[in-house]
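Let me begin by presenting the structure, written as structure tokens, before commenting on it.
The values are calculated or read from the model by the stated rules, or taken from the named source; none is laboratory data. Owing to the predicted nature of the structure, the values given are computational and were not obtained by experimental measurement. Using ideal geometry, Cβ is built from the backbone for each residue, glycine included, and neighbour counts are taken over all protein chains shown. Remember, those area values only see protein heavy atoms, side chains included, never the ligands or the DNA or RNA. Shrake-Rupley method; radii C 1.70, N 1.55, O 1.52, S 1.80 Å.
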Amino acid sequence: EAGVEIFAHPPGKKNSTVEQLSGGHFPVVALDRDLPELSVPSVKADHLAGGRMMAEHLLALGHRNMAVIGAPAHSPPVLARVQGVVDRLAEAGLVAQVHLGAVHDFDACKDLAQDVLANRPTAVIGTTDIAAIGAIHAAIGMGLAVPGDVSVIGFDDLPAARYVLPALTTVAQPLREI
């Protein structure tokens, strides 16, 4: 019989079931992250390129003062997106304020956004759509107009993002292709 097993396997954590499967007669492929401790192939989005795309979009709109928020701070995809942003901004002679948190939920990301918005960046880059939605709510709660006073961009293209007002600009993660 053939079948598919899907496990949530945080990076750096041991999972005996995944280890047993990868050491046996079952093919194992990691989705959206590397699992170097298991030496298995992975299929994932190019998160570094996604970060560069977000920065490039905002640079093309004329932004020069940007902040990056996201969580969780230990997530390889989040860190790759941040690195993409930092690299692209460095090429433009700019430095971003980067604020990463431990918890990835709406309230935690909204709090991160409130902290960075106190410094009045002209744009906030959310490493996920959840972070970006938190930033939109934080900005509006502070009396800022989005995108009039501050632009916000996210990453993932979550289905729920289409219901956010004002509309969320987002880089789509190619889930179907993955």
What does a probe at H74 reach in region 22-65, counting residues whose amide N is under 11 Å from the point 7 Å along Cα→Cβ?
none
Of D107, D156, ordered by accessible area with the largest first and a 1.4 Å probe, the sequence is D107, D156
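With the alpha-carbon atoms as the only input, what is the per residue convex hull volume for region 27-178 in Å³? All intermediate terms of the calculation are to be shown ahead of the outcome.
Numbers: hull volume 16.8 nm³, N = 152.
It is 110 Å³ per residue.
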Put a dot 7 Å past each Cα toward the Cβ at T169 and H57; how far apart are the dots in nm?
0.7 nm
Here region 72-82 yields Karplus 3J(HN,Hα) values (6.51, -1.76, 1.60; θ = phi - 60°; whole Hz; Gly and Pro given as x) of x, 5, 8, 6, x, x, 4, 5, 5, 5, 4
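Quick check: with the 1.4 Å probe, what order do V95, V85 take by accessible area, largest first? Numbers along the way, then the final one.
Numbers: V95 130, V85 0 Å².
These residues rank, largest area first, as V95, V85.
Can you give me the accessible area per residue for region 75-178, using a 1.4 Å probe, in Å²? Please list the in-between numbers first.
Working: 5000 Å² over 104 residues.
Value for region 75-178: 48 Å² per residue.
Report in % the part of the accessible area of region 88-140 that belongs to carbon and sulfur, leaving out ligands and nucleic acids; probe 1.4 Å. Before the final figure, lay out each step's value.
Working: 1180 of 2230 Å².
Carbon with sulfur: 53 percent of the solvent-accessible area.
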Express in whole angstrom the spacing between the alpha-carbon centres of region 65-88 and region 129-143.
17 Å
Please list, ordered by chain and number, the residues whose modelled amide H lies under 5 Å from the amide H of A30; skip anything fewer than 5 residues away on the same chain.
S42, V43
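Express the C-alpha Rg of region 92-178 as a ratio against the empirical globular expectation 2.2 N^0.38 Å, rounded to two decimals. Walk me through the numbers on the way to the answer.
Values: Rg = 12.7 Å, N = 87, 2.2 N^0.38 = 12.0 Å.
Relative to the 2.2 N^0.38 Å estimate, region 92-178 comes out at 1.05.
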